[in-house]
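Read through the structure below, which is laid out as structure tokens, and then see the notes.
Coordinate-derived values only; no laboratory data. The model shown is predicted, which means the values in this text are computed figures rather than measured ones. Positions of Cβ are generated from backbone atoms using ideal geometry, with glycine treated the same way; all protein chains shown enter the neighbour counts.
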Amino acid sequence: MDLNNPAARARIEAFLHDAAGADKVLITRLERMSGGAVQENWTLDAEVTGGAWSGAQRWVLRTDAAARVEASLKRSEEFQVLQVAHAAGLSAPRPLWSCSDRAVTGREFFVMQRLPGVASGHRVTRDASLVPERARLARELAVNLARLHAIKPPQPKLSFLRTLLARDNIVLYRSYLDRIPEPHPVLEWGLRWCEVNAPV
């Protein structure tokens, strides 16, 4: 579905109006961002009148793409993961509102804060001008990983997530390898090492 057609934009504006408790919401820009084979990210700029979000806003609308991967989370689930991550202090966009009403865009979506920066890993690692202080980036990544690992189960908002132990993953990866016709001894050896050294 093209979110940029007038009817879809009007429905999104109505959703934002209610979610933000605004007097009026006018979308000034709605443009699909690059990337996202499984999910679509849309730049969403809006002028909000009234309520806590009054003023010019820069958001992202995230929804499903036409292609779907069975293992992917639903957008409503991804929204909850983002809520938990943001609350734990990770460098993550603030999740704002989630919508499961398919009458709005034809699929689930959520709206989050838009942060400045570049998210393409290959660009960040190859373009020194993007990250002139590599050591600082490494420290920031370490801090975020530590915060992520500090989120301990059970998390009431994340009850939909399956718990996979290391051995469960080894079995899963072996099943992937068994379906490939050519041998991959290095991967097999690596999985065997993981199996022997897996934590209890």
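Can you tell me the equivalent ellipsoid semi-axes for region 92-153? Use √(5λ) from the Cα gyration tensor, largest first, whole Å.
Gyration-tensor ellipsoid for region 92-153: 31, 18, 9 Å.
Counting every C-alpha pair in the chain, the share spaced more than 23 angstrom apart comes to 60%. The Leu73 and Ala135 beta-carbon pair, evaluated with R₀ = 25 Å, returns a calculated FRET efficiency of approximately 0.15.
Put in order of Cβ neighbour count within 10 Å, fewest first, the listed residues Ile151, Ile27, Ile12, Ile180 become Ile180, Ile151, Ile27, Ile12.
Mind sorting Arg136, Arg174 by how few other Cβ atoms lie within 10 Å of their own Cβ, fewest first? Provide the component values of the computation, followed by the final result.
Numbers: Arg136 10, Arg174 15.
Result, fewest neighbours first: Arg136, Arg174.
Send over the Kirkwood Rh of region 111-192, from the inverse of the averaged 1/r over different Cα pairs, rounded to one decimal Å. Across region 111-192, the inverse of the average 1/r is 17.2 Å. Both the radius of gyration and Dmax for region 1-70 are 12.9, 40 Å, in that order, over alpha-carbon atoms.
For region 8-76 versus region 88-104, the spacing of their alpha-carbon centroids is 9 Å. Count Lys and Arg as plus one, Asp and Glu as minus one, and take only other residues whose Cβ is under 10 Å from that of Val25; the net charge is then -3. Running Debye on region 33-129 with equal point scatterers at the Cα sites and no solvent, what base-10 log of I(q)/I(0) appears at q = 0.16 Å⁻¹? Per q value, in the given order, log10 I(q)/I(0) is -0.80.
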